[in-house]
Amino acid sequence: MHAVKPWRAIVAAAFLTLTLPAGAAEPVRFGNPAGAAPDTPGVYEARPNLEHPNTADALFAREASLGGTGEVDAAKLAARKAHSSAVKDFANMMVSDHGKANQQLSAVLSTNASKTSTTPDMDHKVMLDQLEKTSGEAFDVLYIRGQVAEHQKTVQLYEWIIDNGQDPRLTRYAMNTLPTVMRHLELARSIQAQLTGSAP
Amino acid sequence: MTCLRRLPVCGVALCLSTLLVSTASADPLPPDATYRNLPTLPFDTVKANDEAMKSQVMQRQRDLLNERYDLADRPIPGVMMSGGRKPVQAGVRVRLGNGLTWQSLAAMSPEQIRGQGALPQGFLPVPHVKQATGGQVFPENEIKKIAFQEQRDLRRFDVEFDLPDHLTPEFPPPIFLTTHPELGDVSKGQLLTIRNYYSLMVGVITPVQMEGLRMLLTPFPQEEFNQTEDRKVAEQSRGVACLDCHANFHTNAAFHQTPDVRPQAARFRLDTTSLRGMFNQQIHGSKRSLRSVEDFSEFEQRTAYFNGDQVSAQRKGVNLPNRDDQVAMMAQMQNIIDFPPAPKLDPTGHLDPTKASPAELAGEQIFMGKGKCAQCHIPQTAFMDMQMHDLKLERFYEPGRTVNGLVMLPDGPIKTFTLRGIKDSPPYMHDGRLPTLADTVEFFNLVLGLKLTEEEKSSLVTYMLAL
């Protein structure tokens with residue numbers, strides 16, 4: 001196996017800048033074109049503008065936005081109402097981390113053709129209602145169990161878009177954010193273990 | 001639960017924590033995180049797009065492999081694979097990070113390694129060449145042989161095989177039969193196909209075995225090689241045969257992805273396993289832990305060959321061999337495939353001291369003792385323990401990073417693999433992430449915290465070459 005010749009890398013980079021829309025940087029999107037949106041500009045000439053979203057991108061835009069704002073809403077509540085300091089610290093981290101992630105996602109979506117709704121959906125409304133009505137240790141347990149479930153779902157959602165999505169800006173967002181989401185999940189599981197005696 | 005006293009009882013809120021969990025699943029994940037989508041574009045368009053990005057896809061994978069491994073052709077002098085046609089590759093190939101040595105790495109705790117991101121990249125899960133699509137990818141030697149003998153096309157238009165040839169098994173592999181130890185390699189240097197198997201094997205095997213072999217060589221539709229528009233081969237294809245990957249009942253290093261995981265980005269790569277020694281193996285498959293080779297043979301075509309997707313397979317055409325008849329015959333053929341001869345091993349799986357070299361004997365000592373290898377790779381049971389084990393490599397790295405479309409997650413329990421004839425089947429581990437046996441010694445040295453010396457590591461490799 002030979003080492004990559006430098007000129008090959010230069011040619012490849014030049015090819016990439018020619019074929020990709022201006023402003024799209026690494027990583028390049030190598031999805032299965034069988035899942036591309038049929039109205040993707042250039043796809044019938046094998047020069048697709050990948051920043052045109054497919055259905056997975058559109059759905060991810062909605063689900064990730066809802067999840068992100070739901071996290072911040074619940075976390076703000078928990079930062080106020082949490083009984084234990086571990087949960088309070090966790091909630092503050094959620095406010096900060098998800099606030100940042102939400103901004104990054106919004107920045108991508110503002111240039112993406114997908115439109116998103118920011119009205120909280122029924123699930124998040126119900127969750128917030130229940131959290132409003134609980135306090136003390138019970139609040140902590142309720143919140144942290146919900147956080148484990150939410151982060152499990154988010155991990156799976158982000159993994160899904162990484163290979164099913166088309167817009168490289170969305171997949172890049174998901175790739176960059178996923179390790180943090182997994183760290184949150186690990187932490188939520190360990191706090192849940194502390195509070196309830198469950199396996200970590 | 002104390003929470004119940006604080007809330008009005010209503011039909012829905014029986015228990016708050018279960019309610020919270022159940023509302024989370026009321027808005028479930030998208031269905032195509034589990035189920036395969038139908039193509040949204042015409043076949044010719046998909047093909048054109050795949051072909052246009054193919055060279056970049058291959059370059060990306062080449063760059064990754066070169067970053068992780070030293071892929072040079074450096075054989076061990078005088079050590080050949082069991083067919084005598086291909087040398088075994090020497091040395092550790094996994095590259096270390098800057099400023100690290102194997103000793104300094106072994107001196108760090110798992111937490112330190114994880115915290116500093118110091119785990120060699122080559123120890124991490126290795127991605128499929130095109131993770132988003134996945135599917136079976138065949139090496140060039142198999143593609144050429146099948147094209148010549150059967151005029152059946154195993155070449156994909158979207159990807160190529162990514163490993164250099166010298167880091168794969170010899171081709172075609174030799175075939176050793178438990179029913180005829182006196183004959184040795186019965187392959188006559190040929191690849192068994194539907195076009196030559198009868199004349200090669202008549203007089204050597206039974207009618208049941210012959211019929212089993214025929215079915216193992218018969219192509220059937222598969223996820224990427226079929227007659228629908230959802231395929232990655234240029235023309236409508238007759239499909240793939242079992243022995244297209246398990247060439248001559250061994251492996252040609254063709255790879256795929258695990259059927260047992262979703263979504264797509266989480267599916268780890270699967271290196272083809274050898275079918276030698278099936279007669280002793282009691283668990284099969286990466287996660288499914290199928291309990292017999294009959295189960296495996298019966299089931300594999302039901303799910304489009306290792307995609308874990310009976311829905312998609314149904315559309316492309318399933319072959320449903322019947323359990324009591326066809327499957328039994330396929331299993332009976334697979335069960336007579338022996339390991340290659342290991343003349344230095346006695347019947348209990350230990351080295352005969354009158355035949356083994358001092359280095360091999362020293363290696364065996366480590367294998368049984370300080371190396372802890374024999375705890376799972378039990379010599380007496382063909383160096384297996386019929387168990388799946390979780391090595392918990394995630395102690396050494398933070399999961400969640402994406403590399404070439406693969407999200408690197410914890411591997412979870414994987415079955416112990418046999419070490420008989422192990423020099424014949426690079427690359428190593430379930431996904432082929434370790435190019436040589438020397439790499440496997442470094443890997444387990446770290447994972448099990450063995451603190452082996454250089455001499456101990458080297459003698460372990462020498463020992464494994466004799467198995």
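Key figures for this structure:
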| read-out | value |
| --- | --- |
| Cβ-Cβ under 7 Å pairs, at least 6 apart or on other chains, the range B:142-153 side in the same structural domain as residue B:237 (by TED's automatic domain parsing), far side in a helix (DSSP H, G or I) | B:142/B:244; B:142/B:247; B:146/B:244; B:152/B:146; B:153/B:147 |
| Selection count where residues are polar (S, T, N, Q), in a helix (DSSP H, G or I) and surrounded by 23 or more Cβ atoms within 10 Å (Cβ to Cβ), scope the range B:133-147 | 0 |
| Number of positions in the range B:113-132 that are assigned to a loop (DSSP other than H, G, I, E, B) and either away from chain A (no Cβ under 13 Å) or free of Cβ contacts under 8 Å to residues at least 12 places away in the same chain (or both) | 6 |
| Residue within the range B:228-242 that is among the basic types (Lys, Arg) and within 22 Å of residue B:422 (Cα to Cα) present | no |
| Filter pass, residue B:65 being part of a helix (DSSP H, G or I), facing chain A (nearest Cβ under 9 Å) and modelled with pLDDT under 95 | no |
| Residue in the range B:101-120 that is within 30 Å of residue B:53 (Cα to Cα), modelled with pLDDT of 95 or more and basic (Lys, Arg) present | no |
| Selection from the range B:35-82 of residues that are without any contact (Cβ under 8 Å) to a residue 24 or more places away in the chain, in contact with a Phe, Trp or Tyr (Cβ under 9 Å, 6 or more places away or on another chain) and hydroxyl-bearing (Ser, Thr, Tyr) | B:45, B:55 |
| Candidates A:96, A:85, A:135 - the one that is within 12 Å of chain B (Cβ to nearest Cβ), under 26 Å from residue A:195 (Cβ atoms) and over 13 Å from the mean Cα position of the chain (by Cα) | A:135 |
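The values are calculated or read from the model by the stated rules, or taken from the named source; none is laboratory data. What you see is a predicted model; the values in this text were computed from it and never measured. All Cβ positions, glycine included, derive from the backbone under ideal geometry; neighbour counts span all protein chains shown.
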